[in-house]
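Engineer: I have a structure here, written as structure tokens, and I will follow up with some questions on it.
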Amino acid sequence: MPATSQTTTHSAFPSTRWTLISQMQEGCPTKEHRLALDTICRTYWYPLYVYARKFGKNEDEAKDAVQNCFAHLIAGNHLKEADPVRGRLRSFLLTVLKNTILQEVERQNAQKRGGGKETISLDLRDAEGRYLMDPISAEVSADQAYDRKWALTLLETTREKLQLSYLTAGKDRLFRVLSPALADGDRWNGHNEAAAELNMDLGAVRVALHRLRKRYRDLLLEQVAATVSSDGDVRVELAYLMGLFA
């Protein structure tokens with residue numbers, strides 16, 4: 001599991017921090033606020049979809065619930081519920097979704113997704129296929145399933161950003177060879193094979209792997225920092241999310 005020894009004070013996604021969410025309570029959202037919401041929606045729609053399905057909604061109802069959840073956010077509804085002092089983005093979005101489901105009108109009124117409200121275009125076409133492929137235990141509650149998918153989304157997004165940074169630096173081959181070590185942790189024993197494939201000595205491979213893991217930890221901490229109210233909450237939130245897989 002990624003280490004949590006040091007908390008970064010610079011978020012990779014500063015526009016998604018709670019400061020911007022709270023500012024939206026004070027007046028008309030700016031372009032920066034809209035961008036923050038767009039980033040949030042596109043990153044975290046799937047954990048919300050998983051919650052709605054585990055809650056008992058069918059495929060279409062779950063899609064409607066997620067779209068309506070974000071429509072409410074764009075319209076400014078529910079923002080009064082956001083408490084940057086106490087809250088976490090993870091908990092806040094789930095609260096909005098739960099309220100959206102509870103306030104849902106008759107299904108025939110939900111045929112037109114968004115109902116004339118401004119929406120964010122989300123590609124939900126394969127949401128159900130993805131959901132059916134996911135190994136979600138029947139014993140897991142809707143809340144637990146949501147938290148686990150949130151954690152996996154953080155890890156997947158972090159890995160994508162890390163891969164992009166290596167690709168941009170012209171080190172995509174190095175990433176491809178060493179990245180399996182991110183999941184295996186200390187159990188990874190592919191040093192000799194990596195040295196041969198990369199034409200590097202073992203010492204250089206170990207240094208490159210150390211840098212890869214450090215960069216991954218830093219990016220993960222930045223990702224979590226963008227979803228909590230203060231840097232002091234980063235390690236607590238990360239420890240909770242990683243503990244879901246213990």
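Engineer: What's the number of the condition Arg88 fails, among (1) charged (D, E, K, R); (2) in contact with a strand residue (DSSP E or B) (Cβ under 7 Å, 6 or more places away or on another chain); (3) modelled with pLDDT of 85 or more?
Structural biologist: Against the list (1) charged (D, E, K, R); (2) in contact with a strand residue (DSSP E or B) (Cβ under 7 Å, 6 or more places away or on another chain); (3) modelled with pLDDT of 85 or more, Arg88 comes up short only on (3).
Engineer: Looking at the range 12-79, what helices (runs of 4 or more DSSP H) fall wholly within it and have at least 1 residues that are modelled with pLDDT of 75 or more and either under 20 Å from the mean Cα position of the chain (by Cα) or on the phi > 0 side of the Ramachandran plot (or both)?
Structural biologist: Where helices (runs of 4 or more DSSP H) fall fully within the range 12-79 and carry at least 1 residues being modelled with pLDDT of 75 or more and either under 20 Å from the mean Cα position of the chain (by Cα) or on the phi > 0 side of the Ramachandran plot (or both), they are 31-55, 59-75.
Engineer: While we're looking at this one, here's another question. Can you tell me which residue within the range 199-223, out of those that are acidic (Asp, Glu) and touching a helix residue (DSSP H, G or I) at 6+ places or on another chain (Cβ under 9 Å), is nearest to Gln163 (Cα to Cα)?
Structural biologist: Glu222
Engineer: Which is of a type in the set (Ser, Thr, Tyr) and surrounded by 14 or more Cβ atoms within 10 Å (Cβ to Cβ), of Thr168, Thr153?
Structural biologist: Being of a type in the set (Ser, Thr, Tyr) and surrounded by 14 or more Cβ atoms within 10 Å (Cβ to Cβ) holds for just one of Thr168, Thr153, which is Thr153.
Engineer: Still on this structure, please answer the following. Identify the residue in the range 171-190 that is touching an Asp or Glu at 6+ places or on another chain (Cβ under 9 Å) and surrounded by fewer than 17 Cβ atoms within 10 Å (Cβ to Cβ) and, among all such residues, is nearest to Ala226 (Cα to Cα). Write out each step before concluding.
Structural biologist: Keep residues of the range 171-190 that are touching an Asp or Glu at 6+ places or on another chain (Cβ under 9 Å), which gives 173, 177, 190.
Of the ones still in play, those that are also surrounded by fewer than 17 Cβ atoms within 10 Å (Cβ to Cβ) are 173, 190.
Working: Arg173: 30, Gly190: 34 Å.
Top of the filtered list is Arg173.
Engineer: From the list Arg107, Arg125, Arg113, which one is modelled with pLDDT under 75, of a type in the set (Lys, Arg) and surrounded by 13 or more Cβ atoms within 10 Å (Cβ to Cβ)?
Structural biologist: From the options Arg107, Arg125, Arg113, the qualifying one is Arg113.
Engineer: To continue, here is another question. Checking the condition in contact with a Phe, Trp or Tyr (Cβ under 6 Å, 6 or more places away or on another chain) and either surrounded by fewer than 17 Cβ atoms within 10 Å (Cβ to Cβ) or within 25 Å of Leu164 (Cα to Cα) (or both), which residue from Ala226, Ala196 passes? Show your work before the answer.
Structural biologist: Working: Ala196 fails: in contact with a Phe, Trp or Tyr (Cβ under 6 Å, 6 or more places away or on another chain).
Sole residue among the options that is in contact with a Phe, Trp or Tyr (Cβ under 6 Å, 6 or more places away or on another chain) and either surrounded by fewer than 17 Cβ atoms within 10 Å (Cβ to Cβ) or within 25 Å of Leu164 (Cα to Cα) (or both): Ala226.
The values are calculated or read from the model by the stated rules, or taken from the named source; none is laboratory data. From a predicted model like this one, the values you see are computed outputs, not experimental measurements. Methodologically, a virtual Cβ is constructed for each residue, glycine included, from the backbone with ideal geometry; neighbour enumeration extends over all protein chains shown.
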